[in-house]
Amino acid sequence: AASAQVQLAVPVAVVFAPGSVPGDLPRPLPFRDVEEMEISVNVRTSVMSRYEMVYRGTTAQEEAALDAATAREADAALHPLQDASLGSLTVYVVPETSSLLPQGSSVYVGKHRSALVRAGGGLAALRTRLRQLTQVMSFTASSVTAVLSDRVPDGQLGPDTRRHLKSSLGYEITFSLLNPDPKSHAVHWDIEDAVNRYVQPVLDKLSLVANFSVDSQILYYAVLGVTPRFDKESSSFLLSAHSLPHVINPVEARLGSSAASLYPVLNFLLYVPERSHSPLYIQDKDGAPVSTNAFHSPRWGGIMVYNVEAPASPQASLPLHVDVDMVRVMEVFLAQLRLLFGLSREELPPEFLLESPGNEGLADWELDRLLWAHTVENIATVSTTLTSLAQLLDKIGNIVIKDDVASEVYQAVASAQNAVAELAMGHLHSAFQASKKAVTSSERAFFDPSLLHLLYFPDDQKFAIYIPLFLPMAVPILLSLAKIVRETRQRKKEPTKMD
């Protein structure tokens, strides 16, 4: 398999500010160093990670930027001075006494591709910290194993590995408002403005990864598939965690978007419960209320329950006019979108401080993290697709492979090899582009119409189709053959009698 020799090279610049150089450096600055680590996925597949470190001192501009008052300002000032190529990291080591990092935190991860680390201890302590940091900002053994989860023995996977979406060239996102009781609630949501303000900046950032299309719909009389339980104490209705999987199927039948879609569809549903089941709360496994009143389903999307306040007077005229608070809703949906893409923040050591990505929804290094994972996954997918195609063609003896199918296969192999080579050189962007190209070519070859009809006609099927057609014609032919044989035998016998 092609993925057996994948090498992930991460260029890391370690920049020492004045007063932060450890006393036990092996040689004077600047110098290079390489750290390698093997991530084994299964017996045949392993991925090598290479951190190519360059240790150097600060330039005058970097020194000036590090004089900023806060870590956030320093991060912004340092951004234009860094290597901006995808997948590269810059770590600035600041003196132990530096006031840039708040008390108690020794690592600050910015929103671009750099981090600040407080000096302390010798080179060994610094290396340990760098190892932790590079894994947070690029990939960990578990994030690589997760994308190759098809090749991992089942027992070795964590519970979250199959949560995130498979790599695809595109995704469709559908926001649906479910109003099962339009007689009681006239619900209005400004979804267009909310998508432009909150979702679009995130998708613009992710446009490097895939193409996205967004649509929205309002569905009336669409109910959840589970009747909630009434709780006397809180006089509210409850949906327990174990009943949540049953909520999706009946609703999904009404959504109707995934059937016609080429790409994976992500569904985000806002459900306004009917008056007879209001207010409705979701409980977690321990029976505690879920603070967001929402839940997500891996690789499918998420549902949020939006309760409407009961009118103050029972005589209030129906339907009630409801304006949805889109800020609250979008916060939940964006958090679910991050989960589905595997961008959820992992558990970090307490001394790590992460800058919030702000309006863009994800930091530059998180985008890189996604690209590392998707590139490895794409290479593995191409290898699997081409292997399946080869095995298939071996089984079908009389197959004719057209030139364009052959050229797609060559193109896929060449692009996959190119992706592997670019990864080994630390060029994440070009590696990802090549891996996308390889996936496109391999799928074109695999699903080519000229091969498709042959897959459905194996030899035994041909016999099953043609024998009934030939039998009616064959019967008279066989009978006349038998007659001819009988007559010739008799002719041979007759002369001997005349003697």
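The values are calculated or read from the model by the stated rules, or taken from the named source; none is laboratory data. On a predicted model such as this, the values are computed, not experimentally measured, just so you know. All Cβ positions, even for glycine, are placed from backbone atoms using ideal geometry, and neighbour counts span all protein chains on display. Note: accessible area is taken over every heavy atom of the protein model, side chains too, but ligands, DNA and RNA are not part of it. Shrake-Rupley method; radii C 1.70, N 1.55, O 1.52, S 1.80 Å.
Of note:
- Criterion: surrounded by fewer than 16 Cβ atoms within 10 Å (Cβ to Cβ), outside the structural domain of Thr387 (by the TED database) and under 18 Å from Leu130 (Cβ atoms) - qualifying residue of Asp24, Asp67: Asp24
- If the condition is being closer than 14 Å to Val14 by Cα and either without any contact (Cβ under 8 Å) to a residue 60 or more places away in the chain or not assigned by the TED database to the domain that holds Arg50 (or both), then region 106-123 contributes Ser114, Ala115, Leu116, Val117, Arg118.
- Yes/no for Gln417 being open to solvent by 10 Å² or more (accessible area, probe 1.4 Å) and over 23 Å from His164 (Cα atoms): yes
- Residue match in region 220-241 (condition: within 22 Å of Ala310 (Cα to Cα), of a type in the set (Val, Ile, Thr) and touching a Leu at 6+ places or on another chain (Cβ under 9 Å)): yes
- Residue match in region 175-196 (condition: of a type in the set (Ser, Thr, Tyr), modelled with pLDDT of 85 or more and in a strand (DSSP E or B)): yes
- Residue count for region 78-94 satisfying the condition of being surrounded by 16 or more Cβ atoms within 10 Å (Cβ to Cβ) and not in a helix (DSSP H, G or I): 10.
Let's see how each residue does on (1) closer than 24 Å to Glu172 by Cβ; (2) among the aromatic types (Phe, Trp, Tyr); (3) without any contact (Cβ under 8 Å) to a residue 60 or more places away in the chain; (4) exposed (fewer than 15 other Cβ atoms within 10 Å of the Cβ):
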residue: Phe352; (1), (2), (3), (4): no, yes, no, no
residue: Ala363; (1), (2), (3), (4): no, no, no, no
residue: Ile379; (1), (2), (3), (4): no, no, no, no
residue: Thr387; (1), (2), (3), (4): no, no, no, yes
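- Residues (under 25 Å from Tyr171 (Cα atoms) and touching a residue at least 60 places away in the same chain (Cβ under 8 Å)) located in region 225-253: Val251
- Selection of first residues in region 320-337 that are more than 16 Å from Gly358 (Cα to Cα) and in the same structural domain as Val199 (by the TED database) and of second residues that are hydrophobic (A, V, I, L, M, F, W, C) and open to solvent by 20 Å² or more (accessible area, probe 1.4 Å), restricted to Cβ pairs under 6 Å at least 6 apart or on distinct chains, gives the following pairs, ordered by first then second residue: His321/Ala186; Val322/Val308; Val324/Trp189.
- Filter pass, Phe447 being at pLDDT below 90, closer than 16 Å to Thr381 by Cα and either of a type in the set (S, T, N, Q) or surrounded by fewer than 16 Cβ atoms within 10 Å (Cβ to Cβ) (or both): yes
- Any hit, region 37-48, residues being of a type in the set (Gly, Ala, Ser), touching a residue at least 12 places away in the same chain (Cβ under 8 Å) and within 30 Å of His374 (Cα to Cα): yes
- Residue match in region 260-272 (condition: more than 30 Å from Asn359 (Cα to Cα), among the β-branched types (Val, Ile, Thr), open to solvent by less than 20 Å² (accessible area, probe 1.4 Å) and out of contact with any helix residue (DSSP H, G or I) (no Cβ under 6 Å at 6 or more places or on another chain)): no
- Matching residues, region 389-414, being among the β-branched types (Val, Ile, Thr) and either open to solvent by 40 Å² or more (accessible area, probe 1.4 Å) or under 14 Å from Glu443 (Cβ atoms) (or both): Val400, Ile401, Val405, Val409, Val413
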